[in-house]
Amino acid sequence: MELINKYFPELTDDQKARFGEMEELYQYWNARVNVISRQDIDTLYERHILHSLGIAKVQGFKPGTSILDVGTGGGFPGIPLAIMFPEAQFHLVDSIGKKIRVVQEIADALKLTNIKAEQIRAEKLDDSYEFVVSRAVTRITPFVGWVKKNISRNSFHELRNGILYLKGGDLTEELAELKQKNRIYELSDYFSEEFFYTKKVVYVPL
């Protein structure tokens with residue numbers, strides 16, 4: 001929690017309490033359904049929660065914003081973002097049912113009413129959203145192909161509607177393959193921990 005407070009000192013007591021509850025909830029559920037690697041459960045706040053909140057450093061979500069989290073796995077980045085932006089609506093999807101069950105249990109335990117968790121492939125979705133978020137589920141080019149149809153034309157943020165994608169490492173080849181306008185935000189500009197040295201948010205306006 002010290003990490004979250006360090007970078008987001010403006011949190012309400014309610015937000016702090018919810019972030020504080022996440023460790024015990026994930027330890028409980030991860031022992032039953034492996035949604036986070038065993039070694040990462042000890043670094044939950046740095047490698048999962050704070051990493052997810054890197055998106056919040058790039059773009060805050062206004063009340064009424066609709067956000068799709070594709071391949072949410074154990075609920076990242078969707079659950080931390082839903083705590084951070086309680087007046088935005090989050091649709092967390094994954095093709096693996098047992099992961100979605102864990103996401104729903106954790107969202108319920110945290111009393112997050114702005115989350116809908118669903119077992120479905122992104123390609124099957126018909127709804128529209130201002131932003132699509134995800135954490136490195138595949139290469140960027142096929143990902144854009146999956147969700148391009150779901151981006152709303154109703155843009156009301158500093159950034160135009162599109163994708164905010166958490167990725168790490170050298171993305172030169174991947175972004176050349178994309179052949180589409182994009183912008184890289186280095187998470188090391190926001191967070192000083194070594195884990196974030198190669199971590200980025202890739203923004204693709206659509």
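The values are calculated or read from the model by the stated rules, or taken from the named source; none is laboratory data. Fair warning: this is a prediction, and the values are worked out from it, not measured in the lab. A quick note on method: Cβ atoms are made from the backbone with ideal geometry, for glycine too, and the neighbour counts reach across all protein chains shown. Ligands, DNA and RNA are stripped out before the accessible areas are found, and what is left, the full protein with its side chains, is counted by its heavy atoms. Shrake-Rupley method; radii C 1.70, N 1.55, O 1.52, S 1.80 Å.
Only one entry of Lys99, Lys57 meets the criterion of being touching a helix residue (DSSP H, G or I) at 6+ places or on another chain (Cβ under 9 Å), open to solvent by 40 Å² or more (accessible area, probe 1.4 Å) and basic (Lys, Arg), and that entry is Lys57.
Can you pull out every residue in the range 146-163 that is polar (S, T, N, Q) and under 13 Å from Thr65 (Cα atoms)?
Ser152, Asn154, Ser155, Asn161
Only one of the numbered conditions (1) open to solvent by 10 Å² or more (accessible area, probe 1.4 Å); (2) in a loop (DSSP other than H, G, I, E, B); (3) at pLDDT below 95 is not met by Gln27, and that is (2).
In the range 111-141, the residue that is least open to solvent (accessible area, probe 1.4 Å) out of those that are closer than 25 Å to Lys200 by Cα and among the charged types (D, E, K, R) is Glu130.
Here the strands (runs of 3 or more DSSP E) wholly within the range 97-203 that include at least 1 residues being within 24 Å of Glu87 (Cβ to Cβ) and among the hydrophobic types (A, V, I, L, M, F, W, C) are 115-119, 131-135, 162-168. Val144 meets all of the listed conditions (1) surrounded by 15 or more Cβ atoms within 10 Å (Cβ to Cβ); (2) farther than 27 Å from Tyr190 by Cβ but one, namely (2). Selection of the range 50-80 for residues being in contact with a strand residue (DSSP E or B) (Cβ under 8 Å, 6 or more places away or on another chain) and closer than 24 Å to Arg32 by Cα yields His51, Ser52, Asp69, Val70, Gly71, Thr72, Gly73, Gly75, Phe76, Pro77, Gly78, Ile79.
Restricting Thr72, Thr65 to those that are touching an Asp or Glu at 6+ places or on another chain (Cβ under 9 Å), over 24 Å from Glu23 (Cβ atoms) and of a type in the set (Ser, Thr, Tyr) reduces the list to Thr65. One residue stands out in the range 160-200 among those that are aliphatic (A, V, I, L, M) and surrounded by 15 or more Cβ atoms within 10 Å (Cβ to Cβ): the one that is nearest to Ala136 (Cα to Cα), namely Leu166. For the range 158-188, which positions are modelled with pLDDT of 95 or more and out of contact with any strand residue (DSSP E or B) (no Cβ under 8 Å at 6 or more places or on another chain)? If the condition is that a residue be modelled with pLDDT of 95 or more and out of contact with any strand residue (DSSP E or B) (no Cβ under 8 Å at 6 or more places or on another chain), then Glu158 is the only one that fits. For the range 74-95, the count of residues that are among the polar types (S, T, N, Q), within 16 Å of the chain's Cα centre (by Cα) and open to solvent by less than 50 Å² (accessible area, probe 1.4 Å) is zero.
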